[in-house]
1. Can you find, within region 2-35, the residue that is farthest from SER68 (Cα to Cα) among those that are among the polar types (S, T, N, Q) and surrounded by 11 or more Cβ atoms within 10 Å (Cβ to Cβ)?
2. Pick out the one residue from ARG95, ARG100 that is charged (D, E, K, R), touching a Gly at 6+ places or on another chain (Cβ under 8 Å) and not in a helix (DSSP H, G or I).
3. Right, GLY83: in contact (Cβ under 8 Å) with a residue 12 or more places away in the chain and more than 18 Å from the chain's Cα centre (by Cα) or not?
4. Scan region 130-144 and give yes if some residue there is surrounded by fewer than 16 Cβ atoms within 10 Å (Cβ to Cβ) and in contact with a strand residue (DSSP E or B) (Cβ under 7 Å, 6 or more places away or on another chain), otherwise no.
5. With respect to the numbered conditions (1) surrounded by fewer than 15 Cβ atoms within 10 Å (Cβ to Cβ); (2) of a type in the set (D, E, K, R); (3) under 20 Å from the mean Cα position of the chain (by Cα), which one is the sole condition not fulfilled by ASP107?
6. Residues that are open to solvent by 20 Å² or more (accessible area, probe 1.4 Å), outside any helix (DSSP H, G or I) and either in contact (Cβ under 8 Å) with a residue 24 or more places away in the chain or farther than 27 Å from ARG87 by Cα (or both): does region 36-49 have at least one?
7. Filter region 66-90 for residues that are within 23 Å of LEU32 (Cβ to Cβ) and of a type in the set (Lys, Arg); which is surrounded by the fewest Cβ atoms within 10 Å (Cβ to Cβ)?
Amino acid sequence: MSERAGDTPGYELPLLLFAGFRSLIDQLHAELARQGHPDARPAHGFAMQAIGIDGATAATVGRRLGVSKQAAGKTVDRLEALGYAERTADPTDARRKLIRLTPHGLDALARSARIFDDLRARWAAALGGDRLRALESDLRAVTPPDAFGLDAEGWLGGP
């Protein structure tokens, strides 16, 4: 129970934050579908970010996502099937395979960035630019500096 009259219960804060996140992600994927990426899912976006523009091994993707190499491999299999990624020989070590984004995958990431900019602009129009910048600043003040990692320990799988 809150101590001050008019305060909302504490459990509402994470629900509101999650609802805002979910709203942005749902709108992103609806627009991505309209722009030629109907099969892209949130997990694919996290995985493509983990692969990055320079490519990565399955072990690195797993580490970045906080999942096992095997789980990362299954996600990469799906990205390959959808045409977003491909496995190639690692030029630095012939024993390893490097996962790289295809032009289709790079296009999805580039479109996602533009769509997120548009969604942020909509929030700024609804809330006001100053209020949105203050919200962003306030969230930075109460989140750890490494909060922008792709995985919050075990959220996407693993221990």
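1. From region 2-35, those among the polar types (S, T, N, Q) are 2, 8, 23, 27, 35; that's our starting set.
So of that shortlist, the ones also surrounded by 11 or more Cβ atoms within 10 Å (Cβ to Cβ) come out as 23, 27, 35.
Values: SER23: 29, GLN27: 30, GLN35: 32 Å.
Once the filter is applied, the top-ranked residue is GLN35.
2. Numbers: ARG95 fails: touching a Gly at 6+ places or on another chain (Cβ under 8 Å).
One residue alone meets the criteria, ARG100.
3. Values: in contact (Cβ under 8 Å) with a residue 12 or more places away in the chain: yes; more than 18 Å from the chain's Cα centre (by Cα): yes.
Here the answer is yes, as GLY83 does meet what is asked.
4. Step one: of region 130-144, the residues surrounded by fewer than 16 Cβ atoms within 10 Å (Cβ to Cβ) are 130-131, 133-144.
If we keep only those that are in contact with a strand residue (DSSP E or B) (Cβ under 7 Å, 6 or more places away or on another chain) as well, we get none.
No: zero hits.
5. Of (1) surrounded by fewer than 15 Cβ atoms within 10 Å (Cβ to Cβ); (2) of a type in the set (D, E, K, R); (3) under 20 Å from the mean Cα position of the chain (by Cα), only one is false for ASP107: (1).
6. yes
7. LYS74
The values are calculated or read from the model by the stated rules, or taken from the named source; none is laboratory data. No experiment lies behind these values; they were computed from the predicted model shown. Glycine gets a Cβ as well: all are built from the backbone with ideal geometry, and neighbour counts include every protein chain shown. Surface accessibility is based on the protein's heavy atoms, side chains included, excluding ligands, DNA and RNA. Shrake-Rupley method; radii C 1.70, N 1.55, O 1.52, S 1.80 Å.
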